[in-house]
Amino acid sequence: MTSSSAPSKKVSLSLAHCYSLTLTCLFFSVQALSKIASNRLQKELKEWQVNPPVGFKQKPTDNLQRWIIEVVGAPGTVYANETYKLQVDFPEHYPMEAPQVIFLHPAPLHPHVYSNGHICLDILYDSWSPAMTVSSVCISILSMLSSSTVKQRPADNDRYVKNCKNGRSPKETRWWFHDDKV
Amino acid sequence: MDNDPFLFPSIRERRKRRGERERGAAKGRAAMAPLPVPASVAKQAEQLKQDGNSYFKKERLGAAIDAYTEAITLCPDVAIYWTNRALCYRKRNEWKKVEEDCRRALQLDSNSVKAHYMLGLALLEKHDYSGGIKELEKALELGRGANPASYMVEEIWQVLSRAKYMEWEDSSSKRASRLQNLREVCEKALIDYYFIDASEAEDSSKESDHSQSQQLEYLREVFNKAAQADTPSEVPDHLCCKITLDIFRDPVITPSGITYERAVLLDHLQKVGKFDPVTRELLEPHQLVPNLAIKEAVQAFLRDHGWAYKMS
């Protein structure tokens with residue numbers, strides 16, 4: 001859930017926060033990977049090719065900095081046999097910073113997935129740790145999908161998506177993670 | 001050779017001085033030295049060094065070399081004058097001169113990181129891998145002692161890894177061709193042996209054919225096994241940092257028992273947060289302890305698997 005469900009004072013704060021960061025992000029997105037980042041991503045890619053997480057398929061591209069990953073809903077869940085696409089963008093200082101992970105259109109109907117593809121999952125933002133990998137992030141996302149029993153959008157979907165116009169990154173949102181059951 | 005590094009040190013050198021005992025010894029030597037350089041001459045030499053430095057910055061290498069040479073003529077016992085001139089020769093790829101100047105600098109100051117580093121480079125240039133590696137290792141050790149996070153340490157590490165990789169390429173290709181020769185001779189000998197065996201015994205049965213092919217197979221297995229260490233594969237996970245996914249250089253262990261590469265873990269504690277990246281337990285920089293056992297394990301692994309020095 002985003003901060004828009006929080007008291008109004010908090011909302012205005014977080015909006016100011018978002019706008020200022022949008023500018024830096026436009027610049028930031030063209031930054032090449034640092035040496036540490038590209039070294040680590042090459043190793044992750046190699047490991048993925050040998051040992052991909054179950055239910056995921058990475059589409060090979062020349063671009064180490066943006067991975068497109070197909071995910072198939074786990075059997076026995078409401079997303080069984082449905083295929084979605086994740087887009088993973090890596091910042092210059094990955095893994096000291098979390099990758100930006102969003103669903104490409106159409107995003108799955110899920111209480112933590114907004115219609116613009118943004119995912120409300122703490123490890124992608126505040127709870128990121130450099131010991132996590134693309135593979136472990138993917139497994140967390142699949143487990144988030146699997147634990148939902150209803151196909152529906154977050155309650156504040158429309159408001160949030162409206163605020164995210166102009167291609168704002170989910171990493172600029174101040175997220176509120178108050179529900180870890182789903 | 002005059003081995004006293006403390007005769008006419010620059011101010012910066014003097015700051016680096018460590019150990020009262022050594023200092024006492026140095027004083028003793030200085031008192032016995034034949035002719036101390038007057039302070040005015042030392043000052044003039046310092047000025048020449050400054051001139052050399054500013055020429056160097058402007059890429060005027062010839063002028064810089066002249067200035068350092070003059071400084072050396074006035075005060076031949078200042079290691080820095082020699083290493084600075086060596087740096088100019090390095091830029092000009094005059095490796096013989098780099099080597100000479102570094103050797104002189106090391107006679108004056110055996111702890112000069114730059115002198116060990118550039119001497120290592122010069123030796124590698126003339127394909128003296130083991131000599132070059134020895135100097136680079138010394139430079140790395142001294143550099144880490146002074147400032148583990150400096151760009152010099154990173155640069156030395158890169159060069160050292162490349163050198164070790166080249167050394168491995170060189171020695172492993174020799175080993176491979178020796179092994180290949182031996183393998184061919186052994187296979188031929190085994191076939192000949194069975195051939196003679198078969199011609200002596202009247203009934204060259206299928207059974208002997210079978211054991212021949214089986215033994216040939218074993219022989220190949222033995223040779224493949226012998227070549228295994230030199231075959232590039234994966235570095236075992238327990239020798240790799242959970243953050244870099246790369247083989248450890250300077251491993252440190254946290255109170256949670258997880259080992260990380262020191263430089264990136266410090267970076268994490270500074271930028272991401274004060275917690276152990278795997279266990280998320282609270283973690284402060286002072287709690288890190290060098291993991292010497294893993295460091296030794298890495299060294300042992302690299303000794304037998306030189307290909308692991310390859311950096312992407």
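Each value in this text was obtained by applying a stated rule to the coordinates, not by laboratory testing. Every value quoted in this text rests on a predicted model; they were computed, and no experiment measured them. Cβ placement follows ideal geometry from the backbone for every residue including glycine, while neighbour counts extend to all protein chains displayed.
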Separation of the B:K91 and A:D89 label points, Cα + 7 Å toward Cβ, nm:
4.1 nm
Just list whichever of B:K126/B:K310; B:K58/B:K91; B:K91/B:K114; A:K59/B:K310 have alpha carbons separated by over 18 Å in the model shown.
B:K126/B:K310; A:K59/B:K310
Two-decimal log10 I(q)/I(0) for the stretch B:83-213, as the Debye equation yields it once each C-alpha is a single scatterer, q = 0.18, 0.20 Å⁻¹
-0.94, -1.06
What is the stretch B:62-139's relative contact order, in percent, from Cα pairs under 8 angstrom and six or more apart in sequence?
23 percent
Sorted largest first, extent of the stretch B:176-230 alpha carbons per principal axis (Å):
44, 17, 7
Computed FRET efficiency, Cβ-Cβ of A:T61 and A:S136, R0 22 Å: what is it to the nearest 0.05?
0.55
For the stretch A:35-163, what relative contact order do you get, as a whole percent, if you take Cα pairs closer than 8 Å and at least 6 residues apart?
22 percent
Simple label model, 7 Å out from Cα along Cβ direction - B:E141 to B:E221, nm
4.3 nm
Taking 7 Å along the Cα-to-C-beta vector as the label spot, tell me the B:S256-B:C186 distance in nanometres, rounded to one decimal.
4.8 nm
Give the relative contact order (percent, whole number) for the stretch B:237-311; include only Cα pairs under 8 Å separated by 6+ residues.
30 percent
Could you tell me the center-to-center distance, by alpha carbons, between the stretch B:41-68 and the stretch A:121-178 in angstrom?
59 Å
Report the full-extension gain for the segment A:V72 to A:K46: residue separation times 0.36 nm, less the Cα-Cα distance, to one decimal in nm.
7.2 nm
What is the calculated FRET efficiency for A:E82 to A:V161, with r their C-beta to C-beta distance and R₀ = 22 Å, to the nearest 0.05?
0.55
Where the centroid of each part is defined by its Cα atoms, how far is the stretch B:142-173 from the stretch B:85-127 in Å?
16 Å
In angstroms, what radius of gyration and Dmax does the stretch B:152-285 have, counting Cα atoms only?
26.0, 82
Rg to Rh for the stretch B:237-311: what is it, with Cα atoms only and Rh by Kirkwood?
0.99
For the stretch A:122-128, in residue order, the Karplus 3J(HN,Hα) values (coefficients 6.51, -1.76, 1.60; θ = phi - 60°; whole Hz; Gly and Pro = x) are 4, 5, 7, 10, 4, 9, 4
How big is Rg to Rh over the stretch A:35-163, alpha-carbon atoms, Rh as the Kirkwood inverse-mean-distance radius?
0.96
What FRET efficiency comes out for B:N53 versus B:K310 if R0 is 25 angstrom and r is the Cβ-Cβ distance? Round to the nearest 0.05.
0.10
If eta is 1.002 mPa s and T is 20 °C, what Stokes-Einstein diffusion coefficient results for the stretch B:39-146, Kirkwood Rh from Cα pairs, in µm²/s?
155 µm²/s
